[in-house]
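In what follows, a single structure is set out as C-alpha cells and then discussed.
The values are calculated or read from the model by the stated rules, or taken from the named source; none is laboratory data. Quick caveat: nothing in here was measured; it's all calculated off a predicted structure. Cβ placement follows ideal geometry from the backbone for every residue including glycine, while neighbour counts extend to all protein chains displayed.
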Amino acid sequence: MLGRRPFDHSGIGVSSGIAIGPAYVLEHIALPVGGYDIPPEEVEAEVTRLKKAVQLAHEELSEIGRQVRERVDPQQAMIFEAHQSMLADPMLVEVTVQRIRGERQNAEHILWEVSQQISEQLRSIGDDYFSERNHDLFDVSRRVLKFLNRLSAPARDQPREGSIIVANDLGPAEMAELHQLGAAAFVLAVGGPTSHTAILAKSLGLPAVINVENISQIVRTGTEIIVDGTEGVVILHPGEEDIERYRAAQQKYLLKRMSLEALRDLPPVTRDAKCVRLHANIEFPEEVEAALHHGAQGIGLYRTEFLYLGKEQLPSEDDCFHAFRHVLDRQAGPVTFRTLDLGGDKRPELLPSGPEANPFLGLRALRLCLAQPKLFRVQLRALIRAGEGRSLRIMLPMVSSVEEVLAARHIIEDVEAELVAYGHAPVEELLVGIMVEVPSAALIATSLAKVCDFFSIGTNDLTQYTLAVDRLSSSVAHLYSPAHPAVLRLIHMVVEAGSAANIPVSVCGEMAGDPRLALLLLGMGIEDFSMSPGALPEVKRAIRNADYAHLSGVAREALRLSSAREVVEFLLSSITVEN
C-alpha cells in the first residue's frame, strides 16, 4: 500500500489497477414504486404497458450486448444474454402480470414487489455467488421501471472521457455503457466481488472498488480522485505528491500485467524442477473462457448450484446435462464437478422444509442429497451422461463421515449402471472424491482415503469451522486466519493421509489464490491448486520464482509455531513474493 491519509476511503478492490481523474457521480433518478389501484376496465392496458416496457428493455439489452460482443469480449456479452433471460423468466414477468390482474394495482408497484421477493430469496442463499445475483435482478428490474416511467438513461449528462464513475450501485449493462463513453474506473458504495458488475470490470481491465460506505454522498462530480483497485483504496483531493506516487505505481502495474500475461503458456514449475498443477474455480459455464485466458490447466472446482438459482422449479436433467457438457467440451484439462451444495438457508422456495436453528450446520450439501435421492440422481444422471467416453471427476461437499461417502458412491454406481443398461456409453474413468472442509473429515482422513479417489481441501470452510469464526462477520473477522496453526495442522494431516493412500490432494479455497500461502502449501506437499481465474498468473509467477527444497523447510518450521501471527510474520520473512 502506498500510504493512507485520514480522509482516504477503503473498500473491496474487485478489479486491479490504478486510475486518476475527475469523479462523475451517477445519481439515478428515483423510480416510483408506490402502489395505486387500477380500474377494472384498465387492467389489461396496464398489463400491455408492462409488456411494452419489458420489450423495450429487452431490445436495449440486446443492443448493449451486441456492442460489447463487437468491441469488448464476446464472452462478456453473455452477461446481457443472461439479463434478457431474466426478462423472459416467468418468475419475474408472468408473476407480475398475474398479480396486476389479481390485485388491480399499477405495474411499477407490482414489478418492484415481485423483484424484491425474488431478491430476498437470492440473498438468503448463503453462497456469495448466488446472493450477488440479486444485483443483476435489480439492474433488470430498474431497466424495466425506467421504461415504465418513460425515463431517459440513468445519467442526465454524459461523463467526459477519463472520468471515474462514483455510484451507490451499478449494473453490468450500465458499466458497459459508461465504459464506451470512456470511463476510467468505478467506485461503488455497495456490491459484491462475485457480481457480474465485478466480473465485467475485470474483463474490461477497469480498476474498481466496491463497498465504499456512503461514497456517492461524500464525493461531488468534478472532484479529483485516485482509485487503487488492487488495494481497495480511494483517495479524495490528492496532492501533487500523491498523484506522482500513484502515477509511478500505475506504470509499474501496467508493466506487471504485461509480464504476467507472458507467463500464460509457461508451465508452473519451481526453479528446482518441482511440477505443480494450476486449475480454476468457476461458478457458471461462461467462466471457462476466463480460465483458459489465464492459463488454467483444468477446472478444479465447478460449483453446480447456479442451475438452481431463482427458479420456480428444479432444473431438468437435460438442463444440467447441457451446462456440464459445455464445460467439458471447452476445457481440455480435467474438470471436477462439485455436487449440489444446497440446503439449510439455501432452499427457501426451491426445496421446502422446516426451519432450522442453525442452517449452516443442518440438512445441507451431501446430507441433503442423501436425504433427497431423487434430487441427487437427476444431477448424477446429467453428470454421467455428460462424461460419456471421458474421465469424470465428481466431488462430494461437506463430508463428515465414511458412511456418507459409501452411501453416495452406492447411488453413483447405481445411476451409472442404470444409464449403461439404457444404452448410454459408460464413463471412461469415474473418480469420486470429497471436499475436506470440516474438521471431522480432516481428523479421519486416513479412513476416508480408503473410500475416495481424491481429496480437495476447501480452506474457506475448514478455517471457518475449525476456528468457529464466521468469515463474513465484521465483528469477528479479525479472528479468521487460514494461517492459524490448527488449520495448518489439519491440512498437514490430510496431505499425509492422501500420500499414504497414494491419492492426490488439492486445495480449492482462497489460500490457493494467495501467492505466499500457496507456496507454504506447496512446501507442505500440495501440488495441485485451484483458484479464481484471475489469481492464476500471480500464483504461477510465485511458483516459478521459488525453490521447493526451501519451501519444504519453511513448511516444517511453520507447523511448529503456536499462533497465526507468528506464522504470518515467519512467512513474510521466509518467502519472498514479487509485488
Restrict the check to region 38-58 and report whether at least one residue is at pLDDT below 85, surrounded by fewer than 16 Cβ atoms within 10 Å (Cβ to Cβ) and not aliphatic (A, V, I, L, M).
-> no
Selection from region 405-445 of residues that are of a type outside the set (Asp, Glu) and under 16 Å from His492 (Cα atoms) = Met435, Val436, Val438, Pro439, Ser440, Ala441, Ala442, Leu443, Ile444, Ala445
Note down all Cβ pairs under 6 Å where the first residue falls in region 543-571 and is assigned by TED's automatic domain parsing to the domain that holds Ala518 and modelled with pLDDT of 95 or more, the second is surrounded by fewer than 16 Cβ atoms within 10 Å (Cβ to Cβ) and part of a loop (DSSP other than H, G, I, E, B), and they're at least six residues apart or on different chains.
-> Asp547/Arg271; Asp547/Asp272; Tyr548/Asp272; Ala549/Asp272
Scanning region 362-404 for residues that are assigned to a loop (DSSP other than H, G, I, E, B) and of a type in the set (Ser, Thr, Tyr), the one farthest from Leu342 (Cα to Cα) turns out to be Ser401
Restricting attention to region 176-191, does a residue exist that is within 20 Å of His293 (Cβ to Cβ), buried (at least 20 other Cβ atoms within 10 Å of the Cβ) and free of Cβ contacts under 8 Å to residues at least 40 places away in the same chain?
-> no
Any residue at all in region 61-68 that is at pLDDT 85 or above, in a helix (DSSP H, G or I), more than 26 Å from the chain's Cα centre (by Cα) and not β-branched (Val, Ile, Thr)?
-> no
Segments classed as strands (runs of 3 or more DSSP E), wholly inside region 445-536, with at least 2 members that are buried (at least 17 other Cβ atoms within 10 Å of the Cβ) and in contact with a Leu (Cβ under 7 Å, 6 or more places away or on another chain) = 528-531
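For (1) over 22 Å from the mean Cα position of the chain (by Cα); (2) of a type in the set (Lys, Arg); (3) at pLDDT 80 or above, each residue gets a yes or a no:
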| position | (1), (2), (3) |
| --- | --- |
| Glu108 | yes, no, yes |
| Val114 | yes, no, yes |
| Arg123 | no, yes, no |
| Arg143 | yes, yes, yes |
| Asn168 | no, no, yes |
| Ala183 | yes, no, yes |
